[in-house]
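Participant: Have a look at the structure that comes next, please.
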Amino acid sequence: MATYPYQVFATVVDTKTYYRAAELLNVTPSAVSHSITQLENELGFPLFIRNRNGSELTPNGAQILPFVRDILNAESRLHQEVDSINGLLRGTLRIGAFSSASMTWLPKILQNFRKKYPEITIQLAQGSLNDIAERLRQGQLDVGFTALPVDEHLVTYPLINDELYTITPKDFQPATAKVVTEADIHDKIFILQEADYERAIKTTLDQYNVTQNSLSYTIDDPSIIAMVESGLGFGIMPDLTLASFPTYHDKVNVYHFDKDVYRTLVVATPKTHSSAPAVKAFLDEAHSFMLAQYGDKLLWPND
């Protein structure tokens, strides 16, 4: 069976509608519908339930989805390998990143990468740390920036230990004057993005006995800083995020915790993708950038 029907199937899964899938594939919605019908006839069972909200996978459709993605990813790697043998480097590279990595690291990495490999098409996706890790696990991304821990089927390259800080209103000062302790913050309201209440941030708040009942959620990091500045609560932010707001010291206080708290950021790729020429080229470019940026603080060893 040709792989195009698989591509249509995966695109409908990702976009949730036949119409949007048709736009991305540059065909008509009826062509998408015809392709899905042919694939269903070939397989012997329905793949989608269509309703007013879009197209929802059937249980059988969900069961075969990982295998379909494996076939499509293998085909992409095959084309890249053939191009590499012929002295070319082209294809599509799907990159995912959390917001501060997208703002701080990716622009320069991609600028240099595109100069060297103009024939490689870049597709970018932004999401939370958990979202990027899950999309890598499912094979929806070729490479992504996320944080430990991740699925065992991913190859990871450690980047930095990104320290977490407490941000407070200007009129607050911890008892020790320099670092915050559990006594300073256990009864305070913390303002977060809901997607950030995961991994290192959740672990840290649990460690300091800040319960979920003491959390308030907002939409983005600038809103957190604005609300903390207004005295509506405290925040917890990684160093990389704070670096995106060079004037934050004028608005809020920033304190270390009295314990070492950080998240270990990584760039990761599915094991099945790690040998793809485009992935290896991107990882080389990412390593060069990170080494120039962080020097001895970079956790990723030289090969």
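Participant: Given Ser244, Ser214, which one is buried (at least 16 other Cβ atoms within 10 Å of the Cβ) and among the hydroxyl-bearing types (Ser, Thr, Tyr)? Talk me through it step by step, then tell me what you get.
Facilitator: Working: Ser244 fails: buried (at least 16 other Cβ atoms within 10 Å of the Cβ).
Residue meeting the stated conditions: Ser214.
Participant: Follow-up question, since we're still on this one. Would you mind stating whether Lys251 is closer than 18 Å to Ile109 by Cα and either surrounded by 15 or more Cβ atoms within 10 Å (Cβ to Cβ) or not hydroxyl-bearing (Ser, Thr, Tyr) (or both)? Break it down stepwise before answering.
Facilitator: Numbers: closer than 18 Å to Ile109 by Cα: no; either surrounded by 15 or more Cβ atoms within 10 Å (Cβ to Cβ) or not hydroxyl-bearing (Ser, Thr, Tyr) (or both): yes.
Answer is no for this residue.
Participant: Which of the residues belonging to segment 41-55 are at pLDDT 90 or above and exposed (fewer than 11 other Cβ atoms within 10 Å of the Cβ)?
Facilitator: Quick first cut of segment 41-55, residues at pLDDT 90 or above only: 41-49, 55.
Across segment 41-55, the qualifying residues are Asn41, Glu42, Gly44.
Participant: For Thr58, state whether it is buried (at least 17 other Cβ atoms within 10 Å of the Cβ) and not assigned by the TED database to the domain that holds Gly139. Even if it seems obvious, please write down each step before you answer.
Facilitator: On the way: buried (at least 17 other Cβ atoms within 10 Å of the Cβ): no; not assigned by the TED database to the domain that holds Gly139: yes.
Answer is no for this residue.
Participant: Give the residues of segment 209-240 that are under 22 Å from Asp171 (Cβ atoms) and either in a helix (DSSP H, G or I) or out of contact with any strand residue (DSSP E or B) (no Cβ under 9 Å at 6 or more places or on another chain) (or both), sorted by residue number. Quick ask: steps written out before the conclusion?
Facilitator: Keep residues of segment 209-240 that are under 22 Å from Asp171 (Cβ atoms), which gives 210, 214-216, 218, 221-237.
If the condition is that a residue be under 22 Å from Asp171 (Cβ atoms) and either in a helix (DSSP H, G or I) or out of contact with any strand residue (DSSP E or B) (no Cβ under 9 Å at 6 or more places or on another chain) (or both), then Ser214, Asp221, Pro222, Ser223, Ile224, Ile225, Ala226, Met227, Val228, Glu229, Ser230, Gly231 are the ones that fit.
Participant: Please report, ordered by residue number, the strands (runs of 3 or more DSSP E) entirely within segment 90-195 with at least 1 residues that are closer than 24 Å to Gln212 by Cα and out of contact with any Pro (no Cβ under 6 Å at 6 or more places or on another chain).
Facilitator: Details: elements: 91-97, 120-126, 143-147, 154-168, 190-193.
Output list reads 143-147, 154-168, 190-193.
Participant: If the requirement is being of a type outside the set (S, T, N, Q) and more than 27 Å from His79 (Cβ to Cβ), which of these qualifies: Pro270, Pro301, Pro277?
Facilitator: Working: Pro270 fails: more than 27 Å from His79 (Cβ to Cβ); Pro277 fails: more than 27 Å from His79 (Cβ to Cβ).
None of the other options fit; the residue is Pro301.
Participant: Which members of segment 33-89 meet the condition of being over 16 Å from Val279 (Cα atoms), of a type in the set (Gly, Ala, Ser) and in a helix (DSSP H, G or I)?
Facilitator: Ser33, Ser35, Gly61, Ala62
Participant: Oh, and also: Conditions: (1) free of Cβ contacts under 8 Å to residues at least 12 places away in the same chain; (2) under 30 Å from Met227 (Cβ atoms); (3) assigned to a helix (DSSP H, G or I). Lys280 meets all but one. Number of the miss?
Facilitator: Here Lys280 clears every test but (2).
Participant: Same structure, new question: If you check Thr92 against the conditions, is it loosely packed, with under 14 Cβ neighbours inside 10 Å, within 30 Å of Ala286 (Cα to Cα), touching a Ser or Thr at 6+ places or on another chain (Cβ under 8 Å) and in the same structural domain as Gln123 (by the TED database)? Don't jump to the end; show me each part of the working.
Facilitator: On the way: loosely packed, with under 14 Cβ neighbours inside 10 Å: yes; within 30 Å of Ala286 (Cα to Cα): yes; touching a Ser or Thr at 6+ places or on another chain (Cβ under 8 Å): yes; in the same structural domain as Gln123 (by the TED database): yes.
Taking the combined requirement at face value, the residue satisfies it.
Participant: For the subset of segment 188-199 comprising residues that are at pLDDT below 90 and surrounded by fewer than 21 Cβ atoms within 10 Å (Cβ to Cβ), which member is nearest to Gly127 (Cα to Cα)? Steps first, please.
Facilitator: We begin by selecting, within segment 188-199, every residue at pLDDT below 90; these are 193-199.
Now restrict to residues that are surrounded by fewer than 21 Cβ atoms within 10 Å (Cβ to Cβ): 193-195, 197-199.
Numbers: Gln193: 12, Glu194: 12, Ala195: 9, Tyr197: 14, Glu198: 13, Arg199: 14 Å.
Checking each candidate, the answer is Ala195.
Participant: With respect to Val266, determine if the residue is buried (at least 22 other Cβ atoms within 10 Å of the Cβ) and either in contact (Cβ under 8 Å) with a residue 60 or more places away in the chain or outside any loop (DSSP other than H, G, I, E, B) (or both). Don't jump to the end; show me each part of the working.
Facilitator: Values: buried (at least 22 other Cβ atoms within 10 Å of the Cβ): yes; either in contact (Cβ under 8 Å) with a residue 60 or more places away in the chain or outside any loop (DSSP other than H, G, I, E, B) (or both): yes.
Yes, satisfied.
The values are calculated or read from the model by the stated rules, or taken from the named source; none is laboratory data. Here the structure is a predicted model, which means the values were calculated and not measured. For neighbour counting, all protein chains shown are included, and Cβ atoms are generated from backbone atoms with ideal geometry for every residue, glycine included.
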